[in-house]
Amino acid sequence: MSLPVLILGGTTEARALAGRLAERGDCAVTLSLAGRTRAPAAQGVPVRVGGFGGAGGLAAHLRSSDTALLIDATHPFAAQISRNAVEAAAATGVPLLALRRPAWEAVAGDRWFEVESVAEAVGGLGQAPRRVFAALGRQELEPIEDAPQHFWLVRSVDPVEPKLRVPDAAYVLDRGPFPLDAERLLLREHRIDAVLCKNSGGTASAAKLQAARELSLPVFMVRRPTSAGGEAVGSVGEAVAWVGQRLASAKRGA
Ligand code: NAP
């Protein structure tokens, strides 16, 4: 018996989890992507793309696909889909697990300024012109236009179109994981004197923090939104174990 498992994805962990579950042979995994990236990385399992139409739409999808387990492995800053998952799981009775990589924590030598939003970080940079590396998603760049006095280095998977309305900006197209050597080089080449990023956690984009520490650069770190609640684990291994337990009890009950 193969039970349908839906993973809400868009992260490295979601892809890894999908691969691990597909190997089990007793669940039919589908990975759901929002469709933000033009050419997403290969996921290795069947993929569906696009929003469900809110919590109600997700609940309807869970019912029509007879989904046995739902795993929210979306990005820690993807707050809306996580709230929808909690609501849809409650409405349908489908067991839900959130897979959330632990947040980064400052260590000795870090110069972090923790803020609630990108706008607050941009304001915190001050009036004097600086050279800022904005390690943010394409959809989050708007507040930057309120601070045209700075040089902005923007890195994204897909091109930023239209370009930001600031006089001095450079755009780098790249997809993680980002190695430490390359991060050091990037900061040096562009003479960066401040970093602006979100507390995404995980390893794929953590090297910039070490590079900033080595150069004693201030990091304006946007805090995570409040968690949507419900059962959560921090690693792919724990999520695999949760699925194993749930599938075992589903088979016993069948
Ligand atoms: P969001 O604000 O929480 O979601 C907005 C809407 O997008 C949701 O209400 C949902 O539409 C749709 N959606 C989001 N994730 C989806 C998924 N995996 N499958 C199907 N529909 C999804 O999320 P976001 O910040 O726009 O992020 C979108 C995706 O990008 C997520 O999958 C996330 O893991 C990934 N991502 C986000 C970030 C980030 O910093 N936000 C960074 C890296 C990757 P409906 O209400 O119509 O269902």
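Just so it is clear, none of the values below were taken in a lab; they were calculated from the coordinates. Just so we're clear, the structure is a prediction, and the values are computed from it rather than from any experiment. All Cβ positions, even for glycine, are placed from backbone atoms using ideal geometry, and neighbour counts span all protein chains on display.
Structure summary
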item	result
Point-charge dipole on Cβ atoms (K/R +1, D/E -1) for the stretch 126-254, about Cα centre, debye to 20	380
Relative contact order of the chain, defined on C-alpha pairs under 8 angstrom at six or more residues apart (%)	21
Label-zone membership for the stretch 135-169, site Leu215, 7 angstrom Cα→C-beta point, backbone N under 19 Å	135-137, 149-156, 168-169
C-alpha long axis of helix 180-189 to longest principal axis of the chain, angle in °	30
19 Å reach of a label modelled at Ala119, 7 Å along Cα-to-Cβ, counting backbone N of the stretch 181-203	196-199
Computed FRET value (nearest 0.05) for Val47 with Phe77, which takes r as the C-beta separation and R₀ as 22 Å	0.55
Mean projection area, nm², convex hull over Cα of the stretch 109-234	8.2
Magnitude of the charge dipole, the stretch 4-149, Cβ model with Lys/Arg +1 and Asp/Glu -1, debye to 20	440
Debye log10 I(q)/I(0) for the stretch 14-91, one point scatterer per Cα, at q = 0.17, 0.22, 0.24 Å⁻¹	-0.70, -1.17, -1.34
Rg in Å to one decimal, and Dmax rounded to a whole Å, for the stretch 179-250 via C-alpha atoms	17.9, 57
Cubic angstrom per residue, convex hull over Cα atoms of the chain	127
Cα radius of gyration and Dmax for the stretch 41-167 (Å)	19.3, 57
Cα-based Rg and Dmax for the stretch 93-160, where Dmax is the largest Cα-Cα distance (Å)	15.9, 54
Between helix 12-24 and the chain: long-axis angle, C-alpha atoms, 0 to 90°, nearest 10	20
Taking Ile192, Ile7 and counting other C-beta atoms within 10 Å, the order from fewest to most	Ile192, Ile7
Long-range HN-HN contacts of Val29 with modeled amide H, under 5 Å	Val5
